[in-house]
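Comments concern the structure below.
The values are calculated or read from the model by the stated rules, or taken from the named source; none is laboratory data. Worth saying up front: this structure is predicted, and the values here are computed from it rather than measured. Areas reflect the complete protein model, heavy atoms only, side chains present, ligands, DNA and RNA absent. Shrake-Rupley method; radii C 1.70, N 1.55, O 1.52, S 1.80 Å.
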Amino acid sequence: MHKRILDHLNTAILLFDSELILTYINTAGEVLLADSAHHLIGHTAYTLFKSSDPALLMNLKQCLTMEEALVDRALILSRVTQSVTINFSATPLLIDEKVNEVLVELQQVDNHLRISKEEQQLSQQNTARLLVRGLAHEIKNPLGGLRGAAQLLDLELHDPELKEYTQIIIAESDRLQGLMDKMLGPNKPPNKQALNIHEVLERVRQLVQAESSRSLTIQCDYDPSIPNLKADKDQLIQAILNITRNAVQATEGKGNIIIKTRIQRHTTIGRKRYKLAVKCDIIDNGPGIDADMMNQIFYPMITGRAEGTGLGLSIAQSLINQHNGLVECSSEPGNTVFSIFLPMETGNE
């Protein structure tokens, strides 16, 4: 009964003896350490945690020697494939008033941190989008009157030199009108139909390659087993094209871009968990994004280029959000990754 209960916990439970040799691990622990109990039991804590945060071993030793329960948070646990962030709890087990064993609880918190970050990001973007839309509407109203007055004035003027000024007013009004339309973002719901994500990516690749010089290299790393998903083809092309063009500009049109697709299982986007989702990475080897701008890049009118409008990434995020998806970014010099997550089915709370 006790083993059944422990094996159904989401928290990893590990039991070490007085020599810090592992004597028991539950199913959640096997998943967290990415190995079976058969291979793990009998190894020392030094072997299991040698590449992880040094605080893990220090806490275990202290728990054993001081005979006190210890709690630590946000420690890095290294695994074969990747590192994860965990919360740590160690409890000494007394037998005949002597500590013979240490019970360790490890809880992976990467998903919690990611969900919290996504919710904050989406909330901030929605607030910024509402403010920008309100501003755009306020600008469009007098702009229409300004253009109309310029047209009427143009009809009354006969001097070509004076007409030139009214034409400038009309042209600039049209330019501002176009900018306001972009700031307002998508104005219609997506027309979702079954499609292959690679058709969209290939279309984007062809467009970007045609616009760029031969110095730009675009590599494709596709997972051909990804099934069709329901989405608006034109909106996806627009969103991914905006992100890929940003990558081209970052590399000044002469770098290397990788378009990569993979299937993601049991992915949480916002508050919803999906069994299957498509992850599409746009990777470039440009100089990277300034750390001060990382939390702002999806906001409207935020750009690191003098000639940029700062709307491309904001529009891309809006279009992907309409598909219940999300765009994330990580960046360091020589490796900037924009990850697009698109769910393939209805999520559950």
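Probing with 1.4 Å while keeping every protein chain in the model, the per residue accessible area of the chain equals 57 Å². Residues whose amide H lies under 5 Å from that of C329, counting only those 5 or more places away or on a different chain, are S339; hydrogens are built 1.01 Å from N in the peptide plane.
Tell me what the chain gives for mean residue ellipticity at 222 nm when only DSSP H runs of n ≥ 4 count, each as -39,500 (n - 2.57), the sum divided by the residue total, rounded to 500 deg cm²/dmol.
Working: 10 runs with 149 residues, N = 349.
About -14000 deg cm²/dmol.
Annotation: lysines with alpha-carbon distance below 30 angstrom to K192 (same-chain offsets under eight excluded): K117, K182, K230, K233, K260, K272, K275, K279. Tell me, how many Å apart are the Cα centres for the stretch 278-293 and for the stretch 14-66? A separation of 36 Å, based on Cα centres. Near the amide H of I257, within less than 5 Å, lie the amide hydrogens of T217, I218, Q219, all on another chain or at least 5 residues away, with H placed in the peptide plane.
Helix 312-321 and the longest principal axis of the C-alpha atoms of the chain enclose an angle of approximately 60°. Roughly how tilted is helix 233-250, in degrees to the nearest 10 and between 0 and 90, from the longest Cα axis of the chain? Around 80 degrees separate the two axes.
Each residue of the stretch 88-96 was assigned a 3J(HN,Hα) from its phi angle through the Karplus curve 6.51 cos²θ - 1.76 cosθ + 1.60 (θ = phi - 60°); the sequence is 10, 9, 10, 10, x, 9, 8, 10, 6 Hz, with glycine and proline shown as x.
Write down the percent of antiparallel bridges among all DSSP beta bridges whose residues are both part of the chain, to the nearest 5. Numbers along the way, then the final one.
Values: 58 of 63 bridges.
Percentage antiparallel, nearest 5: 90.
Surface listing: H266, H323, H8 arranged by accessible area from highest to lowest gives H8, H266, H323, probe 1.4 Å. Rolling a 1.4 Å probe over the protein heavy atoms leaves I258 with an accessible area of roughly 50 Å².
Within the assembled protein chains, the solvent-accessible surface assigned to D72 is about 50 Å², based on a 1.4 Å probe. Using a probe of 1.4 Å, the accessible surface attributed to R245 totals some 80 Å² when neighbouring protein chains are kept in position.
Compared with the dominant principal axis of the Cα atoms in the chain, helix 160-184 is inclined by about 20°.
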